[in-house]
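Structure first, commentary second.
Nothing in this text is a laboratory measurement; each read-out follows from the coordinates by a stated rule. The shown structure was predicted, so the numbers you read here are calculated from the model rather than taken from an experiment. Here the Cβ positions follow ideal geometry from the backbone for every residue, glycine too, while neighbour counts run over all protein chains shown.
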Amino acid sequence: MKIALLLVGFGNVAQRFVRLLDESREYLDREGIDPCIVGVITRRHGSAIDIAAGLDPAKLSAVMAASESTDDSATVLANALDQLQSATFDSRVLVETTTLDIRAGEPAISHVLEALGRNTHVVTANKGPVAFAYRRLSEEAAGRGLSFLFEGAVMDGIPIFNLVRETMPGVTIRGFRGVVNTTTNYLLAAMERGEPFDAALGRMQAAGVAEADPSLDVDGWDAAAKTAALANVWLGADLTPHRIDRQGITADTGARAREALTRSRRLKLVASASGAGREASGRVELVELPLDDPLAILEEHGNAVEIDTWPLGRVVIAQRDGGLEKTAYALMADLVTVARRAMAASTAPRHAIRRREYLDE
């Protein structure tokens, strides 16, 4: 199956995704998936489009470095999507990796709507569309028979959304709690050991985990966006990050973390939500946890979510390592899901015909 990929955003995650596709070529070939990058669109660094021949992944970084910026990336995207409609591909996927806009989730939401409106599947690592407009976007995708997937939006590549969707039929999720921001968890663990806040934060910035402006992480906004996203998907809520009660951390939080440790407790920034539909509510707050709590044992780059379910009870999903490679993997995993669904849809009519022929005999 030849799949056209149109990338919106070309930061660290997108670049790692491109390399991962090449590194996973043998696996993708076995699956019958042949991804072809036909365009890269950015707001600040220009665009590169070649619908007919595709772009050479090995040269993408150099091509983008030489491209000219444009103030109208929305028009570039719309034109590229229009061109894709008549191209000879088995499927089309928009890969959306722009940065989170904590004010309203834009322009990512508009990117998703543009793609869905032109019968193009969407995979994204941006939590904004799910945190601000999940119901609208998921209904739009379902109504058109398209996929809108976002595994990389929370906990990198750990399949928390896939796990519930694919392996927990009939389960009711009553609530959840988790440590979902890597930067703040790293900072709390470092400050427990007596390390300065600024030094630990600098390491996270150097690693590309925290942004040059780390306020989204340390002020709790990233965790609030993830809380809204999880609540919207799992609890049927209509929350946004601005409706999540929110705390963050500062250099002064280190003293509180060290004091908690003297009492055999650990201080964690915990995201949680409960309820259902319009009654659902969420919060991000500093919580002291006993040392044997599954969230308390998380070190540095670890994340985890505990889901309160019926009838399975409490289910904990944890990752001990985060990073760009894991988020890039989430995008690839979603791409594989899109391809498998498309393959299944293309063979379904033949199966139905065979079944009718069998019943007629």
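I'd like the antiparallel share, as a percent to the nearest 5, of DSSP beta bridges with both residues in the chain.
Details: 31 of 52 bridges.
Counting only bridges with both partners in the chain, antiparallel ones make up about 60 percent.
Explain nothing, just the number: dipole magnitude of the range 169-319 about its Cα centre with +1 on each Lys and Arg Cβ and -1 on each Asp and Glu Cβ, in debye rounded to the nearest 20. Present the calculation step by step, with values, prior to reporting the outcome.
Working: 16 positive and 21 negative charges, 82 e Å.
Its charge dipole is roughly 400 debye.
What number, rounded to the nearest 500 deg cm²/dmol, is the helix-based mean residue ellipticity at 222 nm of the chain, given -39500 (n - 2.57) per DSSP H run of at least four residues and division by all its residues?
Details: 13 runs with 159 residues, N = 361.
Mean residue ellipticity at 222 nm (helix-derived): -13500 deg cm²/dmol.
So which lysines pass the test for LYS226, namely a Cα distance under 29 Å, with those fewer than 8 places away in the same chain ruled out?
In chain and number order, the partners are LYS127, LYS268, LYS326.
What's the longest piece of the chain with no exposed trypsin sites (Lys or Arg not before Pro), counting a site as exposed if DSSP puts it in a loop and it has at most 13 other beta carbons within 10 Å?
Values: sites that count: ARG44, ARG103, ARG193, ARG263, ARG320.
Longest stretch, sites excluded: 104-192.
With a 10 Å Cβ neighbour count serving as the proxy for reagent exposure, in which order, fewest first, do TRP310, TRP221 appear?
Working: TRP310 10, TRP221 20.
Arranged by neighbour count, lowest to highest, TRP310, TRP221 become TRP310, TRP221.
Please identify every one of the GluC sites (Glu not before Pro) in the range 1-94 that sits in a loop by DSSP and has no more than 12 other beta carbons within 10 Å of its own beta carbon.
On the way: sites: GLU23, GLU26, GLU31, GLU68; in loops: GLU68.
Sites meeting the loop and neighbour criteria: GLU68.
Please get the size of the charge dipole for the chain, origin at its Cα centre, with Cβ charges of +1 on Lys and Arg and -1 on Asp and Glu, quoted in debye to the nearest 20. Working shown, then result.
Values: 40 positive and 49 negative charges, 152 e Å.
It comes to approximately 720 debye.
List the relative contact order of the chain as a percent without decimals, with contacts defined as Cα pairs under 8 Å and 6+ residues apart.
Working: 701 pairs, mean separation 65.2, N = 361.
Relative contact order for the chain comes out at 18 percent.
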